[in-house]
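The values are calculated or read from the model by the stated rules, or taken from the named source; none is laboratory data. Nothing here was measured: the structure is a model prediction, and the numbers come from that model. So basically every Cβ, Gly included, is an ideal-geometry build from the backbone, and we count neighbours across all protein chains shown. Quick note on the areas: whole protein, heavy atoms, side chains included, nothing else; ligands and nucleic acids left out. Shrake-Rupley method; radii C 1.70, N 1.55, O 1.52, S 1.80 Å.
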Amino acid sequence: MATDSAAPSRYQPSHIAGDPARLTPLQRELIGRVAALGPRFAERASRYDREASFPFENYADLREAGLLGICVPAAHGGLDADFATYVMVAAELGRWCGSTALSFNMHVCACLWSGAVADALPMSAAQRADHERIRAIHYRRIVGEGMVYAQPFSEGGPAAAGAAPWGTVARPAEGGYVVSGRKIFASLAGAADYYGVLCTLQPPGQPGGGSRRDAIFLAVPAGAPGVRITGDWDPLGMRGTVSRTLVFDEVFVPHEARLLPEGLYHPAAHRFPHMYATLSPAYLGIAQAAYDFTVQYLRAELPGMPPVLRRMYHTKQFAVAEMRIKLEATRALFLQTAHDARLDPDKDARMRLYAAHYTIMENANDLCRLAIRTCGGQSMLKSLPLERLYRDSRCGSLMLPWTAELCMDRLGRECLYEDGERDEAIE
């Protein structure tokens with residue numbers, strides 16, 4: 001008999017990592033922390049989307065839960081999560097608020113580059129000691145003072161795709177560096193305490209010189225003289241990332257601004273390619289959210305909606321089956337590549353990574369498309385989350401450094417060429 005409100009929910013959503021029994025205790029515990037915060041994140045998400053405003057309240061909750069230091073090594077007071085643990089936590093966060101998950105990744109990447117990735121790289125004893133001294137400063141800010149880092153990447157040219165040196169430059173100066181340049185789509189613009197800026201370090205006596213190998217990773221204080229934020233922010237989706245343009249006009253930073261020693265970012269990026277796929281967990285979370293919404297909608301278990309069952313129609317059942325197949329295939333690739341992550345992965349692991357990144361980004365939007373088609377006209381309403389999930393999911397394939405087209409280009413080439421091969425004449 002119909003009533004005025006939805007039936008109590010009996011649907012139990014899947015764990016973001018599939019079978020939680022296969023996880024470590026730390027993985028279960030950290031994913032659980034985010035799941036506990038999730039409902040309040042989901043409740044706020046529509047406001048951040050409507051206003052294109054930054055989720056400061058969500059970050060306050062993440063800070064209170066100790067999650068700002070998720071990938072800070074235990075020796076520096078952090079939670080010591082490895083790459084696989086972090087990406088599963090990030091996917092759970094994306095399930096509740098895509099914008100929060102995507103911007104949080106920019107913060108965590110500063111910790112991963114300077115932490116787990118740096119620890120895997122060969123360094124001289126002097127480099128190692130200096131890096132340990134410097135990263136202790138950054139980690140103390142994050143763990144002890146609750147500060148937030150960002151990682152502005154794009155510049156509107158080929159550098160973000162790895163095809164040219166960074167246009168933002170750092171000149172050596174007494175006691176540090178002078179940074180000049182511009183970063184677009186800079187998530188956390190106006191919200192971060194430090195911007196982890198990738199620059200080209202100019203060799204002495206070579207103004208405007210420097211190659212991709214001269215990349216340097218510097219944490220620039222948001223309040224430093226010469227840092228300014230420009231432009232509006234009114235995009236299709238991921239509106240809560242507030243990714244405005246950052247301009248650096250002769251900004252001085254000390255040597256302690258380094259997040260990696262000079263000369264190590266380029267080999268780190270080439271030898272640990274999984275770092276370029278840390279954007280995709282947010283989109284796996286969105287895919288899961290779209291599936292969860294669809295099931296609850298068809299079961300008449302959405303709070304505040306009339307209890308009208310729609311699950312008995314074969315067309316709906318077929319559509320949900322298609323969604324579940326696509327979701328599980330996406331999750332399986334995601335989990336495989338999470339565990340593949342290491343220094344110097346072999347060619348097969350690298351190709352799986354391209355395939356997984358492409359699949360997650362494209363399937364997230366396809367799952368949202370199927371969800372809208374299956375749920376019908378109600379799904380277009382901004383009072384429900386599905387239209388926001390659709391818009392957020394469409395943004396993933398456009399994001400550098402690995403857009404959908406770049407993934408296909410790299411994967412196709414590596415499928416057909418071995419290292420050093422050219423198209424020589426066949427006799």
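Some values worked out for this structure:
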| quantity | calculated |
| --- | --- |
| Residue list for region 281-320, filter: open to solvent by less than 50 Å² (accessible area, probe 1.4 Å) and among the aromatic types (F, W, Y) | Y283, Y291, F293, Y297 |
| In region 3-55, the residues that are under 25 Å from G304 (Cα atoms), open to solvent by less than 30 Å² (accessible area, probe 1.4 Å) and part of a helix (DSSP H, G or I) | V34, L37, G38, F41, A45, Y48, D49 |
| Cβ pairs under 8 Å, 6+ apart, first in region 298-326 and closer than 12 Å to S9 by Cβ, second β-branched (V, I, T) | A300/V308; P307/T3 |
| 1 or more residues in contact with a strand residue (DSSP E or B) (Cβ under 7 Å, 6 or more places away or on another chain): qualifying helices (runs of 4 or more DSSP H) within region 247-347 | 265-271, 314-340 |
| Total residues in region 294-353, condition of a type in the set (D, E, K, R), farther than 28 Å from A116 by Cβ and touching a helix residue (DSSP H, G or I) at 6+ places or on another chain (Cβ under 6 Å) | 4 |
| Pick from region 182-240, criterion polar (S, T, N, Q) and not in a loop (DSSP other than H, G, I, E, B), ranking: surrounded by the fewest Cβ atoms within 10 Å (Cβ to Cβ) | T230 |
| Every pair of residues 6+ apart whose Cβ atoms lie under 6 Å, when the first sits in region 338-353 and is of a type in the set (A, V, I, L, M, F, W, C) while the second is open to solvent by 50 Å² or more (accessible area, probe 1.4 Å) | L343/R271 |
| Members of region 56-85 found to be free of Cβ contacts under 8 Å to residues at least 60 places away in the same chain and either among the hydroxyl-bearing types (S, T, Y) or part of a helix (DSSP H, G or I) (or both), listed by number | E57, N58, A60, D61, L62, E64, L67, A74, A75 |
| Matching option when the condition is in contact (Cβ under 8 Å) with a residue 24 or more places away in the chain, over 24 Å from N58 (Cβ atoms) and in contact with a Pro (Cβ under 9 Å, 6 or more places away or on another chain), among P165, P172, P225 | P172 |
| Test for G94: is it assigned to a helix (DSSP H, G or I), under 30 Å from L381 (Cα atoms) and in contact with a helix residue (DSSP H, G or I) (Cβ under 8 Å, 6 or more places away or on another chain) | yes |
| Qualifying position, being of a type outside the set (D, E), in contact with a strand residue (DSSP E or B) (Cβ under 9 Å, 6 or more places away or on another chain) and modelled with pLDDT under 95, among P165, P158 | P165 |
| Residues of region 380-417 satisfying the condition of being of a type in the set (D, E) and in contact (Cβ under 8 Å) with a residue 12 or more places away in the chain | E387, D392, E414 |
| Counted residues, region 321-342 - those being open to solvent by less than 60 Å² (accessible area, probe 1.4 Å) and either aromatic (F, W, Y) or under 14 Å from I372 (Cα atoms) (or both) | 2 |
| Members of region 153-175 found to be among the small types (G, A, S), crowded, with 17+ Cβ neighbours inside 10 Å and not in a loop (DSSP other than H, G, I, E, B), listed by number | A159, A160, A170 |
| Pick from region 399-424, criterion out of contact with any Phe, Trp or Tyr (no Cβ under 7 Å at 6 or more places or on another chain) and under 16 Å from E362 (Cα atoms), ranking: most open to solvent (accessible area, probe 1.4 Å) | E405 |
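Table: residues versus (1) within 17 Å of the chain's Cα centre (by Cα); (2) farther than 25 Å from S114 by Cα.
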{"position": "I31", "(1), (2)": "yes, no"}
{"position": "V34", "(1), (2)": "yes, no"}
{"position": "A42", "(1), (2)": "no, yes"}
{"position": "Y48", "(1), (2)": "no, yes"}
{"position": "E57", "(1), (2)": "no, yes"}
{"position": "G69", "(1), (2)": "yes, no"}
{"position": "D80", "(1), (2)": "no, no"}
{"position": "V89", "(1), (2)": "yes, no"}
{"position": "L93", "(1), (2)": "yes, no"}
